[in-house]
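This report refers to the structure that appears directly beneath it.
The values are calculated or read from the model by the stated rules, or taken from the named source; none is laboratory data. This is a predicted model, so every value here is computed, not measured. All Cβ positions, even for glycine, are placed from backbone atoms using ideal geometry, and neighbour counts span all protein chains on display. The protein model used for the area step is the full one, side chains on, heavy atoms only, and it has no ligands, DNA or RNA in it. Shrake-Rupley method; radii C 1.70, N 1.55, O 1.52, S 1.80 Å.
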Amino acid sequence: MRKLAIVIALALLGTNAFVSAQTPATPAKPKTSTAQKPGTPKPATAAAAAKSYDHALLRPALLKDKAPETYQVKFSTSKGDFTVSVTRAWAPRGADRFYNLAKHHFFDNGSFFRVLKGFVAQFGLSAYPPVNAAWSKATIADDPVTQSNKKYYLTFATAGANTRTTQLFINLADNPRLDGMGFAAFGQVTDGTNVVDSLYADYGEGAPSGGGPDQGEIEKQGKPYLDKGWLKLDYVKTTTLTPAPGAGTATHKTLPAKKTTPKP
C-alpha cells in the first residue's frame, strides 16, 4: 500500500503532489520513544490476530457491493462516538469502497495515525498486517470532484491518479486546494464533531518528517508497532453501518453537524 502522507501534506502547501518526501515546514519533531513501556500490551499472537477480523477482508475482489444512495457509519472510538453520513452521488466509487470496508469492519482497532491540527485526521490502515497486504493493490478508479473538501468532510487519500485503496482523511478545516488535485469527498461527519476535533494530534507528521508513526511499519506490523511508541493515538473500537434517514434518495444538501462531548 503506497505511503500517502506526503501527498496530502504537499497539497496543503500547494506543491507538486508527486515529488519525493521532503521535510515539511512544520513545528519541530515531538519527542517520542520507541522503547517498550511498562504496561504496554504484548503483541497479539498470529492465532489471536486471525480471530480478530472478518476473513472476507482477505479477498477484496469479492467485496464490491453497491452502497445505498445514502447511508451512515457510526464510529465508536477511544475518544467517543461520531457519525459519518454518506451521499453516494457525490463520489460513487469512493462511497461503495467505504461501504464495503465498514460493512466488514475493516476499521476496527485501527488508529488515527496521522492527525494534523487544522488540516486532516488520517486513518484507514488495518490493525492486522494480513489485511493490509490483501488491500495493498486493491485500487479503485478516481471519482470526479463534486464537493469541496470542507471541514468535517470525508475523503480518500491518494498517491496519484486511480490509486485509492483504504486510507481516508477527515478534513479538520476547509481545504479547497485539495479539490483541484482530485480528492473527491463522499461524506461528512454529521454527529460528534467535537470528538473528531479532540483526536490526539501531538505526534504531528509521520516519520521520517515528524514524530508520528511510519505508515509502512503500520502496514507490516499492525497495532503492536503502534503500541511500542504511540500509545496516545486514538483508535476505532468498532463501526456500525446503517441506512441514513431518507435512504434511496440522493441529495447534495449539506447536513447540519451535531456536537457531542468527547470523552477525556
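Observations on the model:
- Segment 97-183: trypsin sites (Lys or Arg not before Pro) falling in loop per DSSP and having at most 10 other Cβ within 10 Å: none
- Each label point was placed 7 Å from the Cα along the Cα-to-Cβ direction; for Ala56 and Leu231 their separation is 3.6 nm.
- Cross-link pairs beyond the 19 Å C-alpha cut-off, checked among Lys103/Lys237; Lys79/Lys232; Lys74/Lys228; Lys117/Lys151: Lys74/Lys228
- Taking Lys and Arg as +1 and Asp and Glu as -1, the other residues whose beta-carbon sits under 11 Å from that of His104 total -1.
- Summarising the amide proton neighbourhood of Leu172: residues at separation of 5 or more, or on other chains, whose placed amide H is nearer than 5 Å comprise Phe119, Val120, Ala121, Tyr152.
- Rg/Rg_globular for segment 126-209, with Rg_globular taken as 2.2 N^0.38 Å and Rg from C-alpha atoms: 1.19
- Taking all protein chains into account, the per residue accessible area for segment 103-159 stands at 31 Å² (1.4 Å probe).
- Amide H contacts for Gly80 (H built 1.01 Å from N in the peptide plane; partners 5 or more residues away or on another chain; cut-off under 5 Å): Lys263.
- Alpha carbon centroid spacing (whole Å) that separates segment 166-205 from segment 94-123: 10 Å
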